[in-house]
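Participant: Let me begin by handing over the structure; questions about it come next.
The values are calculated or read from the model by the stated rules, or taken from the named source; none is laboratory data. Keep in mind that this is a model prediction, so the values were computed, not measured. Quick reminder, even Gly has a Cβ in these numbers, built from the backbone with ideal geometry, and neighbours come from all protein chains shown. What goes into the accessible areas is simple: the full protein's heavy atoms, side chains included, and nothing from ligands, DNA or RNA. Shrake-Rupley method; radii C 1.70, N 1.55, O 1.52, S 1.80 Å.
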Amino acid sequence: MVESRFVRFAIACLGLAIGAAALAADARTERAERAFQRGRFGEALQHWRTALPALSETARIDALIQMAAAYQALGQASDARRVLDEAHREARRTDDMARQVRALGRLSDHHLLARQLKPARGQAEDAVNLARQTADRRLLAQALTPLGNVAVAEERYADALQAYREGLALAADDPALAVDLRINAIHAHLAQRTPQAAPPLLTAAVADVRALPDSYGKAFDEIALGHLAQEIAAAEPAQRATLTPWAHAALSDAQKLAEALQDSRLQSYAAGHLGELYAAAGRHSDAGRLWRQALFHAERSDAPELLARWYWQSGRALRAQGKNQDAKDAYQQALRHLGRVRPALLYGYRGKPQFFRDTVAAIYLDTVELLLREAGTAPDSARRRAILRQVRDVMEGFKTAELKNYFQDECVAAYQDNRKPAPVDDLLAPGTASLYPIVFPDRLVLLISLAGGDIDATTVAVTAGTLRETSDTFRKLLAGAGNSRRLLVTAQALHRWLIEPVLPQLRDHRVDTLIVVPDGVLRTIPFAALHDGQQFLVEQYALGVTPGLTLTDAGPSGTRGYHMLFGGLSESVQDFPPLPYVVAELDRAAAAHEGTQLLNGAFRKTAVERQLRQTPYTGLLFATHGQFAGDPRQSFLLAYDGRVSLDELERFVRTRRHRERPVDLLVLSACETAEGDERAALGLAGVAVKAGASSAVASLWAVNDASTAQLVPAFLANLKEPANTKAQALRQAQRQLLDQSNTRHPFHWASFVLVGNWF
């Protein structure tokens, strides 16, 4: 009897302990959710981690899904994917279809943010198919949202709007979900350039929001709708008179609610977007007052992305009022905070590149424009040079941010952390110059840096539109081996804008090597094929391309006799045509440098990785099909057993990166860059950084196989000459083809560009 009472007492104590643990876990979960809503993602994660062991199975799945959102907001994509996979596995073990659908939807959004459209679509479709097997109308409406989002990213706007319409029909009694669907539909109409269809959605969303109880979510929806109203008004000026007052009312209501909730992040958003509304109306004083409030609240919530935005907007308003020094100070603050922004926040709405160009790039270019104006009124040459160095520093920061945004991982930051770049002026040896063409809507600015610290800027009267049109024509004529006379006309026009204005400095400093840091559409063209009416530029200068001077592992490598890994496909594989000259190319290259050949069936991904782990190769030549695409995850090299992604290439080469003799040169001899795609060309410009090699040689278009089999071995043979830099070795190889009657057209030799270290 005593024993029985003791057991009952022990069980009761155990029950109390379990109940206390569950209550503590629930409290932790509530604190985590509050911290997450206020943007304190690290704190939220700490609470969730502590709560997880004591949570029920279903509560644990919900917490894991929310944790993934926090990791994503912190830019920790791999951790987000890990916990989402765990949530999905656990949901499948319980046969809980609702949580399986939610996990799949979040996985789809995760891949969409990273621009991984194929898995994003597959997971969204799986979520919808599962939801259709239930009788839960709300669950299906939730599942249709990521499906529509993927369709927008794929520019299948009709499919996206159909998904949102079906979701809205199912969510008629759920105002919060209806608001989300309508906001996404408005984004789809803006992306499709049909803003005239958006106002009815906005009106309905307003009614839905008003039906919601006061909460963080309601305030955030009001801010989102107020901002969208401004975007619609900008696209549809006839609607401005109607939409502007409504946007003001929505943002003012959000501001009051944010104050009542005592949420600094929401207060910053609301005040900042109200400031933008006043600035658009020319009321700069009122806008400035609101931005000061927004900055105060952004500081309190430690939100660098908001600090960067509101300082930038303040700078624009100050510049419009002629307060240039105050504007400059604001821009510098914006750049300082932009450097602290989590990578995930650089990618924008659903990872769309347009966000970067319209927001992040604009902060850098507005700063550059103001500095250039200051340089134009400098009292003396020393002060002018000092300001132009600031311009170059800002452009270097821009190029780093641009490359981070393209690759959407930390390879760029890691690359910089593992090396200490020399000051830019020290990178330029006598006879070398760097050229930054900076493209503004109404003009082109050429920033040229020379050995010894000399620097200058020249303005060229050509619009961005004209430069784009001419560059596109030039690229098409080159890649198609087009009409030689028309080709020369466009080559001369580009030479007149891009080279002639800086020729005096090049001649005065006896420059023989020109390193270009291209901008925008200029990444898609080979400078080697520019023409002055007498000669191609490659006949006068050795040329190199770099995504940024501080991203370049510059300086002599000491390597000229390479130990190389040669890989290639001469046979037709996976529906790609054969490359019959690859055998000759590899044989000729092997005659110049010792190494190992992996041809056709031997050129497999596992074999490449094994070779790089076992042998200290300093050079790699892959003669195989491949492409640089606007989405880096669609870029690839073709191996016999499948496609090698840039992430896999990075992983393979990383095995050598920190060894005594890292990979110094990567040659991709049959790759091409998606035609006219600036982002694809950015991928080519950054391939050396991504892969972890000092330099890379790759092509802007698919070159004749026979021409490649001559140029690449000639380049490698020229590298054996101790006096030759890589840039000079490539120039000599290109001139060899230029001097032959059957390969004189630039199609045969101009596409190959040297990226990264030019020594």
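Participant: Kindly provide the set of residues from the range 451-460 that are open to solvent by 50 Å² or more (accessible area, probe 1.4 Å) and either touching a Gly at 6+ places or on another chain (Cβ under 6 Å) or more than 17 Å from P441 (Cβ to Cβ) (or both), ordered by number.
Facilitator: Correct list: G452, D454.
Participant: Of the residues that sit in the range 461-484 and are more than 17 Å from R744 (Cβ to Cβ) and not in a helix (DSSP H, G or I), which one is most open to solvent (accessible area, probe 1.4 Å)?
Facilitator: Filtering the range 461-484 for residues more than 17 Å from R744 (Cβ to Cβ) gives 461-476.
If we keep only those that are not in a helix (DSSP H, G or I) as well, we get 461-463.
On the way: A461: 106, V462: 8, T463: 59 Å².
Filtering the range 461-484 for residues that are more than 17 Å from R744 (Cβ to Cβ) and not in a helix (DSSP H, G or I), the one most open to solvent (accessible area, probe 1.4 Å) comes out as A461.
Participant: Filter the range 210-226 down to residues that are open to solvent by 50 Å² or more (accessible area, probe 1.4 Å) and in a helix (DSSP H, G or I), then give me how many there are.
Facilitator: The qualifying residues number 2.
Participant: Something else about it: I'd like to verify a number: residues in the range 132-166 that are closer than 18 Å to Q100 by Cβ and either touching a Cys at 6+ places or on another chain (Cβ under 6 Å) or without any contact (Cβ under 8 Å) to a residue 40 or more places away in the chain (or both), how many?
Facilitator: Qualifying residue count for the region: 10.
Participant: Another question about this same structure. Regarding the range 490-503, can at least one residue be identified that is touching a helix residue (DSSP H, G or I) at 6+ places or on another chain (Cβ under 8 Å), within 23 Å of E672 (Cα to Cα) and not small (G, A, S)?
Facilitator: yes
Listed here are the residues, each with its yes/no results for (1) part of a helix (DSSP H, G or I); (2) open to solvent by 50 Å² or more (accessible area, probe 1.4 Å); (3) among the small types (G, A, S); (4) at negative phi.
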site: L488; (1), (2), (3), (4): yes, yes, no, yes
site: L494; (1), (2), (3), (4): yes, no, no, yes
site: A528; (1), (2), (3), (4): yes, no, yes, yes
site: L543; (1), (2), (3), (4): no, no, no, yes
site: P547; (1), (2), (3), (4): no, no, no, yes
site: D553; (1), (2), (3), (4): no, yes, no, yes
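Participant: Restricting attention to the range 627-637, report how many residues are touching a Leu at 6+ places or on another chain (Cβ under 7 Å) and either polar (S, T, N, Q) or surrounded by fewer than 22 Cβ atoms within 10 Å (Cβ to Cβ) (or both).
Facilitator: The total comes to 1.
Participant: Next question. Given L290, L251, which one is surrounded by 15 or more Cβ atoms within 10 Å (Cβ to Cβ) and under 30 Å from Q192 (Cα atoms)?
Facilitator: Values: L290 fails: under 30 Å from Q192 (Cα atoms).
Being surrounded by 15 or more Cβ atoms within 10 Å (Cβ to Cβ) and under 30 Å from Q192 (Cα atoms) holds for just one of L290, L251, which is L251.
Participant: Of these, E374, E369, E396, which one is open to solvent by 40 Å² or more (accessible area, probe 1.4 Å), among the charged types (D, E, K, R), assigned to a helix (DSSP H, G or I) and modelled with pLDDT of 90 or more?
Facilitator: Sole residue among the options that is open to solvent by 40 Å² or more (accessible area, probe 1.4 Å), among the charged types (D, E, K, R), assigned to a helix (DSSP H, G or I) and modelled with pLDDT of 90 or more: E374.
Participant: Among what's in the range 722-744 and is in contact (Cβ under 8 Å) with a residue 24 or more places away in the chain and open to solvent by 40 Å² or more (accessible area, probe 1.4 Å), pick the residue that is farthest from A542 (Cα to Cα).
Facilitator: P722
Participant: Among the residues of the range 703-724, what is the count of those that are modelled with pLDDT of 95 or more and assigned to a loop (DSSP other than H, G, I, E, B)?
Facilitator: Total meeting the criteria: 0.
Participant: Something else about it: Can you give me the number of residues within the range 702-711 that are in contact with a strand residue (DSSP E or B) (Cβ under 8 Å, 6 or more places away or on another chain) and buried (at least 19 other Cβ atoms within 10 Å of the Cβ)?
Facilitator: Residues in the range 702-711 being in contact with a strand residue (DSSP E or B) (Cβ under 8 Å, 6 or more places away or on another chain) and buried (at least 19 other Cβ atoms within 10 Å of the Cβ): 4 in total.
Participant: Turning to a different aspect of this structure: So which of A229, A207, A238 ends up being open to solvent by 40 Å² or more (accessible area, probe 1.4 Å), more than 27 Å from G105 (Cα to Cα) and either touching a residue at least 40 places away in the same chain (Cβ under 8 Å) or part of a helix (DSSP H, G or I) (or both)?
Facilitator: Only one candidate qualifies: A238.
Residue by residue, here is whether (1) part of a helix (DSSP H, G or I); (2) among the charged types (D, E, K, R); (3) touching a residue at least 40 places away in the same chain (Cβ under 8 Å); (4) under 30 Å from R300 (Cβ atoms) holds:
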{"position": "E30", "(1), (2), (3), (4)": "yes, yes, no, yes"}
{"position": "F36", "(1), (2), (3), (4)": "yes, no, no, yes"}
{"position": "G42", "(1), (2), (3), (4)": "yes, no, no, yes"}
{"position": "L45", "(1), (2), (3), (4)": "yes, no, no, yes"}
{"position": "P53", "(1), (2), (3), (4)": "yes, no, no, no"}
{"position": "I61", "(1), (2), (3), (4)": "yes, no, yes, no"}
{"position": "M67", "(1), (2), (3), (4)": "yes, no, no, yes"}
{"position": "Q72", "(1), (2), (3), (4)": "yes, no, yes, yes"}
{"position": "D79", "(1), (2), (3), (4)": "yes, yes, no, yes"}
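Participant: Of the residues that sit in the range 530-541 and are touching a residue at least 60 places away in the same chain (Cβ under 8 Å) and of a type outside the set (A, V, I, L, M), which one is most open to solvent (accessible area, probe 1.4 Å)? Quick ask: steps written out before the conclusion?
Facilitator: Going residue by residue through the range 530-541, those that are touching a residue at least 60 places away in the same chain (Cβ under 8 Å) are 536, 538-539, 541.
Narrowing further to those that are of a type outside the set (A, V, I, L, M): 536, 539, 541.
Working: F536: 24, E539: 44, Y541: 16 Å².
Within the range 530-541, the match that is most open to solvent (accessible area, probe 1.4 Å) is E539.
Participant: With the structure loaded, tell me whether A714 is open to solvent by 10 Å² or more (accessible area, probe 1.4 Å) and among the small types (G, A, S) or whether it fails that test.
Facilitator: Yes; evaluated as a whole, the condition is true for this residue.
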